[in-house]
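To start, the structure under review is shown below, and the notes come after it.
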Amino acid sequence: MGHVKRAFKYRFYPTDAQAVELSRTFGCVRKVYNLALAARTEAWTRQERVNYNQTSALLTAWKKTEELAFLNDVSSVPLQQTLRHLQTAFTNFFSKRAKYPRFKSRKKSRKSAEYTTSGFRFRDGRLTLAKMAEPLEIVWSRPLPKGARPSTVTVSQDSAGRWFVSLLCDDLTVKSLPATDAAVGVDVGLNHLLTLSTGEKIANPRHERTNRARLAKAQRTLARKARGDGANRRKARLKVAKIHARIADRRRDGLHKLTTRLVRENQTIVIEDLTVRNMVKNRNLARAISDAAWAEFRSLLEYKAQWYGREVIAVDRFFPSSQLCSVCGTLQGKMPLHVRTWTCATCGTAHDRDVNAARNLLAAGRAVSACGAGVRPQRRTPGGQSAMKQEASRREP
């Protein structure tokens, strides 16, 4: 494939003046977003539509008022970008890809500001943002692609207080991998994170469970602090946030290594089209499913496969992968989750539940691929059908 847009994310350590300036920018971005959303919502009640150009004109008017004059103290670029983000949110809403946009919260919403090329200067590996005299002190944990020029810079601060800068560049180094005949079926689970059709089982690291005792202790300490903006409560909240950040970082790192390996070794990867957001409604399994991060695994796998010329096939969630014998194709009866091994009554083959499911997924994926069915995640194509349903509908008279 051609060049891809790729974001490179780095930690940086702002000076006190830079931290104040960025915090002020985050606040103004949130304020403008909420004002524009309120204006568009009010217009919607009058059965009128307000687009990006009209909200941009409103921003100019807001800056001239006395109570919103502070919007002139920060760069105008992130303020315009947040209006574009709001326009995208409404576009997704009207296309039925997302719910109605919500107001940003000072405490809960992500703190970020996006700068386009007119809002920053990047020279000799030094990044200087608008309204700042000094460049950011970035920890270059990995180099940018040779000759890369950032088109967009996003500055953010997470709940643990860490500062990050993300540089969006054209990466010419991403090229399709040599084609191979290898294909693999992948069954996700909780006892084992992944089970492959080759028989390999990849252990579930259970990062949240590993840190559960520390997290519970920190949360109890936070619960005892008086509510408000006191220093002690702020310190306790930060401690909880750091533990959550450590869990998320370790989980993401493991998934990146795992998905990269699968994409490098296989031309075709077959997975199950699970609806994780519905599965976490099970109160007994919600914590374990969230810790396994199946949705993030799929997301990483899909974009890496697209980058490197691989194919990801998602088999319909109603396909009985665990109940079919992968040798003779006999469909068994209901199979509770506690049944991990079973023997086919027809051919006598002893099956490991997860390995058998992975092999059935691989066979179904190959059949779908041979028939030419387009397989797209349903969350990206609202109202669409997954591949197995498409094949069934084609066979109907």
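In whole percent, how big is the carbon plus sulfur part of the accessible area of segment 227-317, probe 1.4 Å, protein atoms only?
Details: 2330 of 4920 Å².
The computed percentage sits at 47.
Tell me, what ³J(HN,Hα) does each residue in segment 192-200 have, in order and in whole Hz, if you take phi through Karplus 6.51 cos²θ - 1.76 cosθ + 1.60 with θ = phi - 60° and put x for Gly and Pro?
In residue order, the calculated couplings are 10, 4, 9, 10, 9, 5, 6, x, 6 Hz.
Filter the chymotrypsin sites (Phe, Trp or Tyr not before Pro) in segment 76-182 down to the DSSP loop ones having no more than 13 other Cβ atoms within 10 Å, then list what survives.
For chymotrypsin sites (Phe, Trp or Tyr not before Pro) across segment 76-182 that sit outside H, G, I, E and B with at most 13 neighbouring Cβ atoms in 10 Å, the list reads F103, W140.
Roughly how many Å² of H3 are accessible to a 1.4 Å probe, to the nearest 10?
110 Å²
If you scale each eigenvalue of the Cα gyration tensor by 5 and take the root, what three semi-axes come out for segment 213-372, rounded to whole angstrom and sorted largest first?
Values: eigenvalues 324, 93, 30 Å².
Whole-Å semi-axes of the equivalent ellipsoid: 40, 22, 12.
Would you rank T210, T221, T195 by solvent-accessible area, highest first, keeping every protein chain in place and using a 1.4 Å probe? Could you put the intermediate results ahead of the total?
Details: T210 90, T221 45, T195 0 Å².
My answer, sorted largest first, is T210, T221, T195.
Among N266, F8, L83, pick out the residue whose Cα is farthest towards the positive end of the charge dipole of the chain, where Lys and Arg carry +1 and Asp and Glu carry -1 on C-beta, about the Cα centre.
Final value for the positive-end residue is L83.
What residues have an amide H closer than 5 Å to that of W163, excluding those fewer than 5 places away on the same chain, when H is modeled at 1.01 Å from N in the peptide plane?
Sorted by chain and number, the residues that satisfy this are F12.
What accessible surface, in Å², does a 1.4 Å probe find on Y303, ignoring ligands, DNA and RNA and rounding to the nearest 10?
We get 70 Å² for Y303.
Among the trypsin sites (Lys or Arg not before Pro) within segment 7-93, which fall in a DSSP loop and have no more than 15 other Cβ atoms within 10 Å of their own Cβ?
Within segment 7-93, the qualifying trypsin sites (Lys or Arg not before Pro) (loop, at most 15 other Cβ atoms within 10 Å) are R46, R49, K64.
Between the helical axis of 16-45 and the dominant principal axis of the chain, each derived from Cα atoms, what acute angle in degrees is found, rounded to the nearest 10?
With both axes taken from Cα atoms, the answer is about 70 degrees.
Multiplying the sequence separation of K107 and L68 by 0.36 nm and subtracting their Cα-Cα distance, what value in nm do you get?
Here the answer is 11.9 nm.
So what are the ³J(HN,Hα) numbers for segment 65-74, from phi and the Karplus equation (6.51, -1.76, 1.60; θ = phi - 60°), rounded to whole Hz, Gly and Pro as x?
7, 5, 6, 10, 5, 5, 5, 6, 6, 10
Whole angstrom only: what separates the Cα centroid of segment 87-110 from the Cα centroid of segment 221-292?
Cα centres, segment 87-110 to segment 221-292: 22 Å.
Treating the angle as unsigned and between 0 and 90°, give the value, to the nearest 10°, between the Cα long axis of helix 76-94 and the longest Cα principal axis of the chain.
40 degrees
Taking the alpha-carbon distance from K281 and a cut-off under 20 Å, which lysines remain once sequence neighbours fewer than 8 residues away in the same chain are dropped?
Once the sequence-local lysines are set aside, what remains near K281 is K99.
Counting only protein heavy atoms and a 1.4 Å probe, tell me what percentage of segment 80-152's accessible area is made up of carbon and sulfur.
47 percent
Which whole-Hz ³J(HN,Hα) couplings does segment 283-289 yield from phi under the Karplus relation 6.51 cos²θ - 1.76 cosθ + 1.60, θ = phi - 60°, glycine and proline marked x?
Each residue of segment 283-289 in turn: 5, 6, 10, 4, 5, 5, 5 Hz.
May I ask you to compute the full-extension gain from D16 to Q47, defined as 0.36 nm times their residue separation minus their alpha-carbon distance, rounded to one decimal in nm?
Stretched fully, the D16-Q47 segment lengthens by 6.5 nm.
Restricting to DSSP loop positions (anything but H, G, I, E, B) with no more than 14 other Cβ atoms inside 10 Å of their own Cβ, which trypsin sites (Lys or Arg not before Pro) remain in segment 221-257?
R227
How much area per residue is accessible in the chain when the probe is 1.4 Å and only protein heavy atoms are counted (Å²)?
Roughly 57 Å² per residue, with all protein chains present.
Taking only DSSP H segments of four or more residues, each worth -39500 (n - 2.57), what value at 222 nm results for the chain once the sum is divided by all its residues, to the nearest 500 deg cm²/dmol? Each step should come with its number before you reach the end.
Working: 11 runs with 166 residues, N = 397.
Computed mean residue ellipticity for the chain: -13500 deg cm²/dmol.
Once amide H atoms are placed 1.01 Å from N in the peptide plane, what residues at a sequence separation of 5 or more from E272, or on another chain, have their amide H within under 5 Å of its amide H?
Close amide H contacts, sequence-distant or interchain: V188, V315.
For L238 and V139, calculate 0.36 nm times their separation in residues minus their Cα-Cα distance, and state this gained length in nm to one decimal.
33.4 nm
Could you give the longest part of the chain that holds none of the GluC sites (Glu not before Pro) found in DSSP loops with at most 16 neighbouring Cβ atoms within 10 Å?
Values: sites that count: E48, E66, E67, E137, E200.
Counting only loop sites that pass the neighbour cut-off, the longest clear stretch is 201-397.
Taking the 0 to 90 degree range and rounding to the nearest ten, how far is the long axis of helix 212-224 tilted relative to the main principal axis of the chain, both from C-alpha atoms?
40 degrees
The values are calculated or read from the model by the stated rules, or taken from the named source; none is laboratory data. Note that this is a predicted model, so its numbers are computed, not measured. Positions of Cβ are backbone-derived with ideal geometry, glycine not excepted, and every protein chain shown enters the neighbour counts. For accessibility, only protein heavy atoms count, side chains too; no ligands or nucleic acids. Shrake-Rupley method; radii C 1.70, N 1.55, O 1.52, S 1.80 Å.
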